[in-house]
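Worksheet: the structure to be examined is printed underneath.
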Amino acid sequence: MTKLLCVILGGAIFATGCGPTAANSDGAPDATTTGTAPNAAASRPAPVKETAPKASLPSYREVTIPSGTTLSLSLTSAVASDTSKVEDAVSAELIQAVTVDGRDVLPAGSTVSGQVTSADASARVRGRAQVAFRFNSLTTGGTKYDIQTAGLSREAPATKGEDATKIGIGAGVGAAVGGLLGGKGGAAKGAAVGGGAGTGVVLATKGQEMRLAPGADVTTTLTAPLTVRVSTR
């Protein structure tokens, strides 16, 4: 009886000890084996990111245009002694590039703007018509700069020759009429009267006006240095 119990207990203990091994042999996953399995995703090489090339930024340098530099311009607006008013806008464009050290720093087509500084219409008694203006800003390459330039003034031509002709014609006509009426004395008096009439015609006649239309060429100079940005490309 005692031997039988020992055999039964021994068999039970043996069965309990072999249980986990049997489970592993039936295909249960083994922790050691699972931990060493290779990861396919981790073994792939990381994709290379393509980066677009950076666009090169434009580079500039500053160039100083000296005082006294000539600006050759063509008006793009009209000015006139009899129609312009002080502070009216005036504009023009550069018709000849400005160079410094052999390089164009102000290309043709650069624009300038300014104002009328005075305008006097022709007077009946004396004084010739005149109009004056000045440019104070310049635009080139999309950038606007303040500039200082010499003022420009234009005056109508004198009419003294025409006035003398008119007076002479009046005196001649007067002398001819006086001579017919009263001999030499009448001629002298007629000349005086005729001359006076001729002078009256001159005093009653206005002189010429000064007008500059778009496209008129004008020239000014810088009265102070001007520093501009120029592309190094």
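The values are calculated or read from the model by the stated rules, or taken from the named source; none is laboratory data. Just so we're clear, the structure is a prediction, and the values are computed from it rather than from any experiment. Please note: Cβ atoms are built from the backbone with ideal geometry, for glycine as well, and neighbour counts cover all protein chains shown.
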_Against the conditions (1) loosely packed, with under 11 Cβ neighbours inside 10 Å; (2) at pLDDT below 95, where does Y60 fall short? Just the number, please._
(1)
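Results for (1) at pLDDT 95 or above; (2) of a type in the set (V, I, T); (3) outside any helix (DSSP H, G or I), shown as yes or no for each residue.
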residue: G186; (1), (2), (3): no, no, no
residue: A192; (1), (2), (3): no, no, no
residue: G195; (1), (2), (3): no, no, no
residue: T219; (1), (2), (3): yes, yes, yes
residue: A224; (1), (2), (3): yes, no, yes
residue: V230; (1), (2), (3): no, yes, yes
_Scope the stretch 83-92; condition surrounded by 15 or more Cβ atoms within 10 Å (Cβ to Cβ) and in contact with a Ser or Thr (Cβ under 7 Å, 6 or more places away or on another chain); matching residues_ = V90, S91, A92
*Considering only residues that are among the aliphatic types (A, V, I, L, M), farther than 16 Å from V218 by Cα and surrounded by 15 or more Cβ atoms within 10 Å (Cβ to Cβ), look in the stretch 143-167 and name the one that is modelled with the lowest pLDDT.*
I167
*If you check every pair at least six apart or on different chains, which have Cβ atoms under 7 Å apart with a residue in the stretch 106-123 that is closer than 21 Å to S72 by Cβ and small (G, A, S) first and a residue that is part of a loop (DSSP other than H, G, I, E, B) and at pLDDT 95 or above second?*
A108/I95; A108/Q96; A108/A97
*What do you reckon, is T140 exposed (fewer than 15 other Cβ atoms within 10 Å of the Cβ), in contact with a strand residue (DSSP E or B) (Cβ under 9 Å, 6 or more places away or on another chain) and in contact (Cβ under 8 Å) with a residue 60 or more places away in the chain?*
no
